[in-house]
Each structure stands twice: as C-alpha cells, then as structure tokens.
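Read the structure below first, then the notes.
Values quoted throughout were computed directly from the atomic coordinates according to the rules given, and no laboratory measurement underlies them. In this text, all values refer to a predicted model and were calculated from it rather than measured experimentally. Using ideal geometry, Cβ is built from the backbone for each residue, glycine included, and neighbour counts are taken over all protein chains shown.
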Amino acid sequence: MSAMDPEKPEIIHGDSISNSGKSENGAEIEAVAGKDGYVLNDASLAHDRGLKTTQDGGTILIPQPSDSPNDPLNWTQFRKNTILIIISCTAFLPDYGSATGSVTLTPQGEEWNMDPNIVNHSQVGNVFMLGAAGPIIVALAAYFGRYPILFWWTLLALATAIWCAAAQSFESFMAARILNGFFSTVAQGGGLMFIKDMFFLHEHARKINIWSGFIVLSPYMGPLLGAFIVNTQIWQWAFGIYTIETGLCLIAIILFVEETYYDRQTVQPELIPHAPRWHRMIGIQQVQTKYIKNSFKDAIVRPFVILGKPVVVLAVFFYLLTFAWVVGSNTTLSIFLAPKYGFGAKQIGFFYFTPVVAAILGEITGHWLHDFIAKLYAKLHSNRLEPEARLYAIWFAVPFMVPGLILLGFSLERHYHYMLAALGWGLYVFGIMIVTVAVNSYVLDAYPEASGEVAAWVNFGRTTGGFIVSYFMVEWAEKMGTIRQFGTMCGILGGACLIVMGLQVWGKTLRIWAGPAKFKTV
C-alpha cells in the first residue's frame, strides 16, 4: 500500500486507499472491495488520516465527498430523498402497467373477437422489453447523462401509455405495449445509479430497500386496482389510470430531479452552475460541455464488461431462479382462483391485498435487517464489511419462501381455505422482498463503479425469469398438479441457494481474480 499524506482526505474502499478521492491507479473514484473489505467504523483511523465521517464521527463516508455544494453527496437529505421517492415511483410504473394487462384480457378479447390467450401475447412482449431495455438505458446514460435519459424515456413512456389506452385494434395495442415496456423501465433498469450517486455506502441498503419495495409491490397493485376498474368501467380506464400515474411521475421529474452524475476524477468546471436546469434535463449541457468523459463506444461496451464478472452473472442467475416463481405464482393464481373458490373479478382484486401487505412488511423488516447484518458482520470482522455479507439476509428470507410455496401448492390442489392460499402467497412475497434488496446491495458493493450496469442485469434476470415461466406455468400445473409443481419450485429454489453458498465462500476470490471494471466514469 502506498504512503499516505495525512493532511489530504482519503477514501478507504477495499484494499485501495488514495489521496483526493481517487483510487491508486487514478482511473476510478473507488476500487472494488478487495481483500480487506470496506472500513466503515474506525474512528481512530478516520482521525489519523483526515477522513470525512458522519456527524457523530462513528462512520467513515464512502465515497469521500468533495467540498462542493454541487456534489450530490453533499445535498440535503430532503433533496436526496425527494429524488429517491420520484425514482422509486417511476420504477413502480413498468410492472404495474404490465400486470394491469392481465385483468383486461377478457374484455379485450370480447371487443376484438379474439381468444384472451392470443391477446396475452401483448403482455409477453411487454415483459420481455422490461428487461431487454435495461442495458441500453444504462449505456446511453453513461454517454448522455442520468437525467436526460430519465426524462426522455419517461416522456416516451407517457406517449406509449396514452397509445395503450387509445388503441382500437389488437395490432395497435400490442405495438403500444411492447414500446411502453421498453421506455417505462428506465428507473428500474437504472435506479441504482441515482442511489449510488447521492448516498454513502452505509446508507445504500436502506435506500435500495425503498426503491425495491416499489418494484416488488407494483405487479400486485396493477391487478388489484385493475380488477376493480374493469368490474365497473371499460377496460381502457385501467390503462387510463396508468397513463395518469406516468404523467404525474414525469411532472415530478421535470420539477424536482437533477443530474446526479458528478465527476470526482478530473479537474474541470462543474456541470451544475453553467446553465439552467432544463439544459441538463434534455441533455444539451452534458453534450456541449463533454462533461461525461465516455465515448459512445465506451458507454456501449460497459454493460458487457460487467457481465464478464463472475459474481454478477451468478447473482443475476440466482435472482432469475427465485423471482421467476413470483411471476409463476401470480399467473397460476389468476387462473385457479375463479374455478376453485368461485371468485369473480372483485374477489380476485381483494385477494391481491395479500402480496401488497407482504411486500410492505418485507420493506419494513428490511429497513432494519440489512443494516443489522452489516453492522454485526463488521463488528465480528475487525470493522470491515465484505460485499458477501449482504447475502446473509437471504438465509433469513428462505425459511419464509419455501413454506410459502408448499402451502400455496397444497391449498390450490386440495382446496384448502383461501386464507391459507393467501398466507402461502404472502410468505413468498415477503421473502422475495428481502432477497431483492440483498442481491442489489451485493452487486452494488462488489462493483460500485458500475451501479447502473449491475442494476440493469439484475432487472434483466428478474424479468427474464417471469418471461420464461409465463409460457408454461398453467400447462405445468394442469399436467402435474400444483403440489408437485410448487414442490419442484422449492427444489429449484434450494438449488439456487447453492449459488449463494458459493458466493459467500468464493465470491471474494472471484472478485479479486476478475478485477475492477476500470470504467472512465462511475
């Protein structure tokens, strides 16, 4: 480790410590956590080396903020949390809109004289685009800036949402749905970029917990509200409400969001004082000043570079295998609830309160759980936090998820009381909320310089799992019965947990072997 100048602020991040907020090779603000882990709670070290800490002096700030008020790390908590809520609300939209389509299939089929299963092809295309767009979004954001991509994509999401509500034919509706999936996912695929830009490492888990809570909640709120709307109004109003929600998010983005990318690596004028905010919103200032140093080629290859990191691939694959059953359960329930329990549209709508409550309880639990695990791990490991410590929360979640799947499978096949089916469903959703935060926190801590790229691939894994299982879930249940079907899901979940074990044992070795991403910007 190189010699230190105690009079200059330093960042401690992994085994890389450097002057003036730069890593030892000068190419990154932070290096990925290496053999020594993150140092968070070492007051004597902070004092000796002049590191900036929280006001109580108990936590070292990672990354070290600059002295500029324009640094997003130095913004007020109110301003940062306002932007976080807006990003979270925008991340709520894609799955909400996608799931809304599941309750409009029947009236659409009647209007267009089509089999509802054929109409469902529009939803499958929408789900595919929710994941496929993520790597494109973060690549463009690395070239044009965070704020312009958020603004333009949400504007186009609003236009395509209006198109969905106004479509007069299936062909028009399907085109609108596919394009809406592509544009609406901007805050899902790139949400971690904003969290990483504005918040310190010790704050990440709680902020990711808020953002993830909106994402996990959204596919249940869509059918819940949509079922009541379709029961009393024409199906277009279900997408009309979605359009209004998208419009409100766009207004909030225009009024309150700011460009959060801040260049800590080069000596050059800051972006913010040079022009009106709307110049940064539409991207004029970023392009004219060349404030973001990535070439277009640099930006495009970033998602593929991070996909070459083994721990990212393994984490994404684990998440694919676990979140797939969230979509699978949702699909199966919508088919089986009516004949088995005699539920109509209104009763199915009420049934969706179960996963909504479960997701909220998971968010509340995670608010303390993830920080508790991190602090306990650091206390037991000389005040150092490894990214792999984030994965311990998954072991808290699995005991809820496995019984949830088993109970749901038995309830549907043996006609147990619908409250038992609801309990099983809720247990799994509660667990997946914990898992979602753990996976996102892990990949962000492992590769903080690639916050957008890791978020895009995790989102890709989530939506790909749902996209795949939507093709065979109902037929699978009809052939095997739901007891064997959900039992198989449990087996796959158990196999996926071996990936978590592997990451906890060999994850650090794989990270050190693969090295940092070495991007021009973070």
(Q) Shape verdict for the stretch 315-366, please, from the Cα gyration tensor: rounded (a/c under 1.5), prolate (a/b greater than b/c) or oblate. (A) oblate
Q: Round to the nearest 10 and give me the degree value, 0 to 90, for the angle of helix 170-184's Cα axis relative to the longest principal axis of the chain.
A: 20
(Q) Using the Cα centre of the stretch 379-522 as the reference point, and only Cβ charges (+1 on K/R, -1 on D/E), how large is the resulting charge dipole? Debye, rounded to the nearest 20. (A) 300
Q | Extension reserve of the VAL505-THR106 stretch, reckoned as 0.36 nm per residue once the Cα distance is removed | A | 138.7 nm
Q: Run the dipole for the stretch 75-301 about the Cα centre, Lys and Arg Cβ at +1, Asp and Glu Cβ at -1, nothing else charged, and hand back the magnitude in debye, nearest 20.
A: 840
Q. Taking the Cα centre of the chain as the origin and placing charges on Cβ (Lys, Arg +1; Asp, Glu -1), which of GLN64, ALA517, GLY328 is farthest toward the positive end of the dipole?
A. GLY328
(Q) List the chymotrypsin sites (Phe, Trp or Tyr not before Pro) within the stretch 397-501 that DSSP assigns to loop and that have no more than 13 neighbouring Cβ atoms inside 10 Å. (A) TYR471, PHE472
Q: Let me have the 222 nm mean residue ellipticity of the chain computed from DSSP H runs of 4+ only, each contributing -39500 (n - 2.57), with the sum over all residues rounded to the nearest 500.
A: -23500 deg cm²/dmol
Q.
With angles folded into 0 to 90 degrees, how steeply does helix 418-446 sit against the dominant principal axis of the chain? Use alpha carbons for both and round to 10.
A. 20
**Q.** Cα gyration tensor of the chain - equivalent ellipsoid semi-axes, whole Å, descending
**A.** 40, 27, 18
Q. By the gyration tensor of its Cα atoms, with a ≥ b ≥ c the square roots of the eigenvalues, what is the shape of the stretch 406-522: rounded for a/c under 1.5, prolate for a/b over b/c, or oblate?
A. prolate
Q.
Averaging the inverse of every distinct alpha carbon separation and then flipping it gives the Kirkwood radius. What is it for the stretch 75-301, in angstrom units?
A. 18.3
Q) Using the Cα gyration tensor of the stretch 207-340, with a ≥ b ≥ c the square roots of its eigenvalues, what is the shape: rounded (a/c below 1.5), prolate (a/b larger than b/c) or oblate (neither)? A) oblate
(Q) Quick check on packing: order 124-132, 55-63 by the mean number of other C-beta atoms within 10 Å, highest mean leading. (A) 124-132, 55-63
Q: Grab the other residues whose beta carbon is less than 12 angstrom from that of PHE151, score K and R as +1, D and E as -1, and report the net.
A: +1
Q | Charged-residue dipole, Cβ positions (Lys, Arg, Asp, Glu), the chain about Cα centre, Debye nearest 20 | A | 280
Q | 15 Å beta-carbon shell around PRO107, net charge (K/R +1, D/E -1) | A | -2
(Q) List the trypsin sites (Lys or Arg not before Pro) within the stretch 229-313 that DSSP assigns to loop and that have no more than 11 neighbouring Cβ atoms inside 10 Å. (A) LYS290
**Q.** Among 107-119, 170-182, the order from most to least packed when residues are scored by Cβ within 10 Å on average
**A.** 170-182, 107-119
Q.
Modelling each spin label as a point 7 Å along the Cα-to-Cβ direction, I'd like the ASN70/ALA166 distance in nm, to one decimal.
A. 4.0
**Q.** Cβ-derived FRET efficiency at R0 35 Å, ASN81 paired with PHE317, nearest 0.05
**A.** 0.60
Q) Do any of LYS297/LYS508; LYS80/LYS508; LYS80/LYS309; LYS196/LYS520 go past 28 Å between their Cα atoms, and which? A) LYS297/LYS508; LYS80/LYS508; LYS80/LYS309
